[in-house]
Amino acid sequence: MAKSYVPYDGPVVTREEAKAQGLKRFFTGEPCIRSHISEYLVSSNGCLVCSRVLRRSERPNDVMVKAKSTADQGRLEARDKGEMHYNGTPCNKCGATLRYVNSCACVACGRAHALYQRTSNPEGFKEYIKKHRKTYDYIPTDTTKAKDKARRGARYRSERSIYNLYRLLFIAYNFDLFEDALAEAEAEKERNIIAKRIANAEGSRKWRCDNPEKRAAADRNKKANRKGAPGKHTKADIMRIGNAQKWKCGWCRSSIKNDYHVDHVKPLSKGGTNWPNNLLLSCPSCNMRKKTKDPIDWAQSLGRLI
């Protein structure tokens, strides 16, 4: 790092002038605490060379391997494995040891603060998430949605396991409304579930009213399935059978344009199937009188067969 360091010899620009001109760096000509004569960052007022030295990508491997503390060594091992968290030194606020690999920040404190923001200012939290996703071009897909759902489930279980720790954190931060906000969130969740069930029931009821033929076919298929009869049919099959019969009763030949029943020629109770080749459209009177009679016996009683 010392070999790549070259003293900066540009013009002197104060921090106030750099801010006024919209610059990101300024130069005073004075060395920093590590004797670097370089530019300073306007945002942090830190030496540019020092920030590059401390940057993770420019740390030499031999220095990283020779980490003195066990916590730093654990962070290096977690980073090499591609993990997000590692067990480091206890947090000064909550005492938890789980930390983020990229920032060394406490996971419990970060989640507690995010939970408070989500409960106390939900609209602002949503705007922040939208802005964050837009900044990094985050476009959710079916795969990422499934992964996010699984991640949220695992996070929920972990959050419930350290609920008492969160409560202590909120008390330490003087968030007196934590319990009320959590109760309100749970109540809102229950209200959303009930509202969704009501909406689904109303949608199902509307569909059944708007599609009586499809509803009747579905009901007949369910009934046949409960009785163990093979086969199924649709509204299109019923329309085809009706057109083939010229919308006349299959038994008495009366008109069935206004009202008809779907009759199983061989009853389901006697081994008949629910396939279209075992269906016949009849008037309500014939279907009610036929009931579960054998088709040959029923035809003979009507004088259709000798």
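The values are calculated or read from the model by the stated rules, or taken from the named source; none is laboratory data. From a predicted model like this one, the values you see are computed outputs, not experimental measurements. Ideal geometry is used to build each Cβ from the backbone, glycine not excepted, and the neighbour counts take in all protein chains shown.
Just for region 116-139: of the residues that are surrounded by 11 or more Cβ atoms within 10 Å (Cβ to Cβ) and within 26 Å of GLY82 (Cα to Cα), which one is modelled with the highest pLDDT?
ILE129
Out of ASP263, ASP219, report the one residue that is more than 17 Å from THR292 (Cα to Cα) and of a type in the set (Asp, Glu). Before the answer, list the steps.
Numbers: ASP263 fails: more than 17 Å from THR292 (Cα to Cα).
Only one candidate passes the filter, namely ASP219.
GLU213 - would you say it is acidic (Asp, Glu) and surrounded by 12 or more Cβ atoms within 10 Å (Cβ to Cβ)? Outline the logic, then answer.
Numbers: acidic (Asp, Glu): yes; surrounded by 12 or more Cβ atoms within 10 Å (Cβ to Cβ): yes.
So GLU213 fits the description; yes.
Out of curiosity, is LYS235 within 26 Å of ASN211 (Cβ to Cβ), among the basic types (Lys, Arg) and either out of contact with any strand residue (DSSP E or B) (no Cβ under 6 Å at 6 or more places or on another chain) or surrounded by fewer than 17 Cβ atoms within 10 Å (Cβ to Cβ) (or both)?
For LYS235, the condition - within 26 Å of ASN211 (Cβ to Cβ), among the basic types (Lys, Arg) and either out of contact with any strand residue (DSSP E or B) (no Cβ under 6 Å at 6 or more places or on another chain) or surrounded by fewer than 17 Cβ atoms within 10 Å (Cβ to Cβ) (or both) - is met.
Among the residues of region 189-202, is any at pLDDT 60 or above, surrounded by 10 or more Cβ atoms within 10 Å (Cβ to Cβ), of a type in the set (Gly, Ala, Ser) and closer than 30 Å to ASN277 by Cβ?
Within region 189-202, none of the residues are at pLDDT 60 or above, surrounded by 10 or more Cβ atoms within 10 Å (Cβ to Cβ), of a type in the set (Gly, Ala, Ser) and closer than 30 Å to ASN277 by Cβ.
Pairs please, first residue from region 253-265 and among the hydroxyl-bearing types (Ser, Thr, Tyr), second anywhere and surrounded by 12 or more Cβ atoms within 10 Å (Cβ to Cβ) and not in a loop (DSSP other than H, G, I, E, B), Cβ atoms under 8 Å, 6+ apart in sequence or on different chains.
That search, which allows pairs on different chains as well, returns SER254/LYS248; SER255/LYS248; TYR260/GLY242; TYR260/LEU281; TYR260/SER282; TYR260/PRO284.
Being of a type outside the set (Gly, Ala, Ser), modelled with pLDDT of 85 or more and part of a loop (DSSP other than H, G, I, E, B), is that true of even one residue in region 38-50?
Scanning region 38-50 turns up at least one residue that is of a type outside the set (Gly, Ala, Ser), modelled with pLDDT of 85 or more and part of a loop (DSSP other than H, G, I, E, B).
Identify, please: which residue in region 66-95 is more than 29 Å from the chain's Cα centre (by Cα) and hydrophobic (A, V, I, L, M, F, W, C) and is, among those, modelled with the lowest pLDDT?
Only one residue tops the list, namely ALA67.
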